[in-house]
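Here is the structure we will look at.
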Amino acid sequence: MLDAFSRAVVSADASTSCIDSGKIGELRGYLNAANRRLDAVNAIASNASCMVSDAIAGMICENQGLIQAGGNCYPNRRMAACLRDGEIILRYVTYALLAGDASVLDDRCLNGLKETYAALGVPATSTVRAVQIMKAQAAAHIKDEPSEARAGARLRKMGSTVTEDRCASLVAEASSYFDRVISALS
């Protein structure tokens, strides 16, 4: 996994040149957005277990056959594996968001995931649906607009002073990582 600084150094080293002023400007922009990026990652990480369990519950509500005998979330060990996989996917999305680079997501999470799920008989449509739910939740948490009606006492707002304009790019970036997962599974 390369962060913005490592990528700049590797790129300059490959071309045997110094880091140019354009790249330095990009790095300055990356630093200016670092606190917003950390707030976004913290918002997702602070709510990760609720996000995953809600996504899996939503997926099951839409396909009750998953929890019936012979379904992919039956018995309990398969449900536990589903929750575990959801947390792993969400964790790697947050790593990618923190680094501003999808390589860690691609290399350590998505590489071979579709084939593994196909071999295990995991339904791709259900998995994709759970990831779509997590994507919507992540956007709400990054904007600091989680649904109070649904979360109840479990709600954790970050109290961010970030305006919607300033976090729109982070929402778009996080969404692109979730879309990468969805694409890898489809």
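The values are calculated or read from the model by the stated rules, or taken from the named source; none is laboratory data. These numbers were taken from a predicted model, which means no experiment stands behind them. Glycine also receives a Cβ, built like all others from the backbone with ideal geometry; neighbour counts cover every protein chain displayed.
Couple of notes before you dig in:
- Qualifying residue in segment 45-64 (condition: among the polar types (S, T, N, Q) and at pLDDT below 90): no
- Residue check for Arg78: in a helix (DSSP H, G or I) and under 23 Å from Asp179 (Cα atoms): no
Residues checked against (1) in contact with a helix residue (DSSP H, G or I) (Cβ under 9 Å, 6 or more places away or on another chain); (2) at pLDDT below 90; (3) at negative phi; (4) surrounded by fewer than 16 Cβ atoms within 10 Å (Cβ to Cβ):
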{"position": "Ala139", "(1), (2), (3), (4)": "yes, no, yes, no"}
{"position": "Leu155", "(1), (2), (3), (4)": "yes, yes, yes, yes"}
{"position": "Gly159", "(1), (2), (3), (4)": "no, yes, no, yes"}
{"position": "Asp179", "(1), (2), (3), (4)": "yes, no, yes, yes"}
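- The one condition from (1) over 30 Å from Pro123 (Cβ atoms); (2) out of contact with any helix residue (DSSP H, G or I) (no Cβ under 8 Å at 6 or more places or on another chain); (3) exposed (fewer than 14 other Cβ atoms within 10 Å of the Cβ) that Cys61 does not meet is (1).
- Test: residue in segment 65-75 that is in a helix (DSSP H, G or I) and hydroxyl-bearing (Ser, Thr, Tyr): no
- Residue match in segment 21-28 (condition: in a loop (DSSP other than H, G, I, E, B) and touching a helix residue (DSSP H, G or I) at 6+ places or on another chain (Cβ under 8 Å)): no
- Verdict on Leu98 being crowded, with 18+ Cβ neighbours inside 10 Å, assigned to a helix (DSSP H, G or I) and within 13 Å of the chain's Cα centre (by Cα): yes
- Summed over segment 11-52, residues that are basic (Lys, Arg) and under 22 Å from the mean Cα position of the chain (by Cα) total 2.
- Contacts under 6 angstrom Cβ, first residue in segment 76-100 being touching a residue at least 60 places away in the same chain (Cβ under 8 Å), partner surrounded by fewer than 19 Cβ atoms within 10 Å (Cβ to Cβ) and charged (D, E, K, R), 6 or more apart: Ala99/Asp3
- Residue match in segment 9-25 (condition: touching a Phe, Trp or Tyr at 6+ places or on another chain (Cβ under 7 Å) and outside the structural domain of Tyr177 (by TED's automatic domain parsing)): no
- The listed residues are Ser17, Ser53, and the only one of them that is in a helix (DSSP H, G or I) and either buried (at least 17 other Cβ atoms within 10 Å of the Cβ) or of a type in the set (Gly, Ala, Ser) (or both) turns out to be Ser53.
- Taken over segment 27-50, the criterion of being of a type in the set (D, E, K, R) and surrounded by 15 or more Cβ atoms within 10 Å (Cβ to Cβ) is satisfied by Arg36, Arg37, Asp39.
- Segment 110-125 residues that are at negative phi, paired with ones that are among the acidic types (Asp, Glu) and surrounded by 16 or more Cβ atoms within 10 Å (Cβ to Cβ) (beta carbon under 7 Å, 6 or more apart): none
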